[in-house]
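Take a look at the structure set out below.
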Amino acid sequence: MRRNIYLRTIPIEEALARTREALDRKALVGVERVDAARAAGRVTAEPIIARYSSPTFHSAAMDGIAVRAADTFLAREGSPVRLAPGEGFVFVNTGHPLPPAFDAVVMIENVVMDGETATIEAPVAPFAHVRRIGEDIVATEMVLPRHRRITPYDIGALLSCGAYDISVYERVRLRVIPTGDEVMDFTGRPEPGPGQVVESNSMLLCALAAGWGMDCARVAPVRDDPELLAAALEEGLDSDAHIVVIVAGSSAGSKDFTRATIERFGQVLVHGVAVMPGKPSLLGVARGKLVVGAPGYPVSSVVCFERLLYPLACWLTRQEPQIRQTVTATLARSVPSRIGMLDIVRLAVGQVGTAYVALPLSRGAGSISSMTKAQAVTQLPPEAEGLESGAKVTAELLVDAGELARTLVCVGSHDNTLDILADMLMRRAPAIRLASSHVGSMGGLIALKNGAAMLAGSHLFDPASGDYNFPFLAKYLPGLAVTVFNLAIRQQGFIVPPGNPKGITGVADLVREGVRYLNRQRGAGTRILFDHHLAKAGIEPERIQGYGREEHTHMAVAVNVKTGAADCGLGVYAAAKALGLDFVPLARERYDLVMPTAFADDAKIAAVLEVVRGAAFGERVQALGGYETDWTGRVMEPGMGLPGEPAA
């Protein structure tokens, strides 16, 4: 089968308009009668008219006595009116029907009983403290209009006026078909081998749709076979689903059959939208139903669902898409963008001082972790070439706004102990979320300088002084008062495969033929440490195969070694231990957290210090291997160097 060719990459709004024009929503999504008590979240298909008034009778609005208002008009302080029981008053409680012949209620606290006689010293007006018939709802009036999403508050009104059964639009029903030769059905709890992945997109998309009030059915993965795909789609079209979603196969590869499969049963309306990620999204109509081709990468498929399927599903059920709450945030680092495409960027967002700061997360369409870490998204318009660090963006919140005030922004060097810190902060009450961005030690210091972080992880070694961090603070953060406290002393070295097959013992071995090295990014403390040892050994960087290949975390280096993509890389012992790799020690170093002193009284910083100075944190860090906690939580001073070694 020939490769697909995009019809034309078009803006999202044009894609939606084209699809709405092609669908007959009246024929596709029907109307049904449902029990009003269980109708929350449904959309009314017609106006709902009250059968009964609410209340259906005059009732007491207060505890007290029911009276005739005219009998109280002469009551004055010091000249009370006396009322006899039965003839002059009747005791009532809140909600009781107002007895015949009485037209007002006197609150019990304004009544003095003299035996069985009620004495009052102030008059009441007719219908004082009385809920009149139909005060809230009058029979035959409209309670809710058509096309109204029913809220929990509406349920009470519907039942109170006798609207026990109501007409609503059907829930949108989805049938989701995952595809791919490489995917394994998660229901069998498989262990993937090389070239295999556990299929998860279908349930991610089903969970999204369920959160929007849709009913979802997922079928087992279908292989990349045109006939099998056609059979699966035909089965979906014959089912009660309003929308059939084919996951993966919507791009232009040799095994991307979604477009051709839809064309066997109907018409492709859109193949390619001007948004990144999500560009390969596909929309079509077959047998009167909407067919969606969602890209195979998870972030792309989510964009397809959020920006295309969700608005169309809302249109089918005559409701407006819900709009997320927004805040204005400052970008902590630059974000590139592609001209001509709407660029959707996921963000971690936290409050630094009185402002919100946004950390752009991984841009990869396959980065599931970027979705779990994201608290917001922002859109870069098609005409933008990107945004510089410090730019203001509108962040659409994926979480409650209150979470942002409890989010601590930490930018800088990566270390595995930050995961322990993040976990222990979340166990507190109130929980504190650690949003960390791994841009290297120098990147962390720049973030502090720009007011884009409250903490920066740093392990910058200065060969000239033999000290850590302080020489760089003096150079790059002059005039900014900071407090530095130690998180751990750690062991850096070469991460190598089990048995160390290339016989790596030091930096001199890296220049040998056939040794593939994996470096850390520019500005990372590990990169500076490595360059220092290269200089000591008199080795030029260009002699090392792979010096220009960069990763941003110790675990990423370890994974590359584990999978054979590299023969070695510099990292912490804990990363090697975690993946069962061998380790060749190179140097001890100090990993500190740098904080602007202005934040010393912030509750989030106080929580961090309480955690790292506790015994439980030290025990968990030591269990990782390759860490010393003698100075953990201790405030550092210039020239302290390392424990057990002469001060710098």
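The values are calculated or read from the model by the stated rules, or taken from the named source; none is laboratory data. Treat the numbers as computed from the prediction; the structure is a model and nothing was measured. Counting neighbours? That spans all protein chains shown, and the Cβs are built from the backbone with ideal geometry, glycine included. Note: accessible area is taken over every heavy atom of the protein model, side chains too, but ligands, DNA and RNA are not part of it. Shrake-Rupley method; radii C 1.70, N 1.55, O 1.52, S 1.80 Å.
A few points about this structure:
- From the largest down, region 7-129 spans 91, 29, 21 angstrom on the principal axes of its Cα atoms.
- A probe of 1.4 angstrom, applied to the heavy atoms of all protein chains, finds Arg148 with accessible area near 80 square angstrom.
- Gyration tensor verdict on region 315-376 (Cα atoms; rounded if a/c is under 1.5, prolate if a/b is larger than b/c, oblate otherwise): oblate
- By the Cα gyration tensor, region 490-648 has an equivalent ellipsoid whose semi-axes, rounded to whole angstrom, run 31, 18, 15 from largest to smallest.
- Pairs of lysines in the chain whose Cα atoms sit within less than 22 Å of one another amount to 10, provided the residues are eight or more positions apart or on different chains.
- Along each principal axis, taking the top coordinate minus the bottom one, the Cα set of region 251-397 gives 57, 37, 28 Å in descending order.
- Above 27 Å, the calculated P(r) of region 118-267 contains 50 percent of its Cα-Cα pairs.
- Potential lengthening between Met113 and Ala401 on full extension [0.36 nm per residue; Cα-Cα distance subtracted]: 98.3 nm
- Checking every one of the chymotrypsin sites (Phe, Trp or Tyr not before Pro) in region 55-145 against DSSP loop status and a limit of 13 other Cβ atoms within 10 Å picks out Phe57, Phe73.
- Förster radius 51 Å - calculated FRET efficiency between Leu609 and Arg25, Cβ distance, rounded to 0.05: 0.30
- Going by accessible surface with a 1.4 Å probe and the largest first, Met107, Met203, Met595 read Met203, Met107, Met595.
- Calculated FRET efficiency for the pair Arg264/Arg8, C-beta based, R₀ 25 Å, to 0.05: 0.70
- Orphan Cys of the chain, criterion: no other Cys C-beta under 4.7 Å: Cys161, Cys304, Cys314, Cys410, Cys568
- Assigned charges on the beta-carbon of Lys, Arg, Asp, Glu; region 459-615 dipole about Cα centre (debye): 260
- Within the set [x] 41.6; [y] 28.4; [z] 37.0, the number that mean projected area of the Cα convex hull in nm² takes when calculated for this structure is listed as [x].
- Shown is the FRET efficiency for Thr394 and Asp601, computed with R0 = 22 Å from the Cβ-Cβ distance and rounded to the nearest 0.05: 0.10.
- Sequence-distant residues sharing a close amide H with Arg42 (under 5 Å, placed H): Ile150
- Here region 172-321 carries DSSP beta bridges of which approximately 35% are antiparallel, counting only pairs with both residues inside.
- Secondary structure note: in the chain, about 70% of the DSSP beta bridges are antiparallel.
- Rounded D (µm²/s) - region 441-550, Kirkwood Rh over Cα pairs, Stokes-Einstein at 25 °C, 0.890 mPa s: 156
- Think of region 132-274 as a dipole: +1 on every Lys or Arg Cβ, -1 on every Asp or Glu Cβ, centred on the Cα centre; then among Val247, Ser167, Leu237, Ser167 lies furthest on the positive end.
- 37 °C / 0.692 mPa s Stokes-Einstein diffusion coefficient of region 233-328, Kirkwood radius on C-alpha pairs, µm²/s: 237
- Taking GluC sites (Glu not before Pro) across region 74-114, the ones in a DSSP loop with at most 12 further Cβ atoms lying within 10 angstrom of their Cβ are Glu77, Glu87.
- Relative contact order for region 516-648, counting Cα pairs under 8 Å that sit 6 or more residues apart, in percent: 20
- log10 of Debye I(q)/I(0), alpha-carbon scatterers only, for region 77-137 at 0.14, 0.16 Å⁻¹: -0.42, -0.54
- For the chain, the 222 nm mean residue ellipticity estimated from helices alone, with every DSSP H stretch of n ≥ 4 adding -39500 (n - 2.57) and the total spread over all residues, rounds to -6500 deg cm²/dmol.
- Heavy atoms of the protein chains alone define the surface here; on that basis the chain has 44 Å² accessible area per residue at 1.4 Å probe size.
- Loop sites in region 307-406: GluC sites (Glu not before Pro), DSSP, at most 12 other Cβ within 10 Å: Glu383, Glu385, Glu388
- Within the accessible area of the chain, the carbon and sulfur atoms contribute 53%, probe 1.4 Å, all protein chains present.
- Hull volume in cubic angstrom per residue (convex hull over the Cα atoms of region 89-206): 247
- Protein-only accessible surface order, largest first, of Arg318, Arg20 at 1.4 Å: Arg20, Arg318
- The accessible area of Lys475, taken with all protein chains in place and a 1.4 Å probe, comes to roughly 140 Å².
- Region 492-551: relative contact order in percent, alpha carbon pairs under 8 Å with at least 6 residues between: 39
- Dipole magnitude of the chain, debye to nearest 20 (Cβ charges: Lys/Arg +1, Asp/Glu -1, about Cα centre): 1500
- Size of region 391-443 from its Cα atoms: along the principal axes, largest to smallest, the extents are 33, 28, 13 Å.
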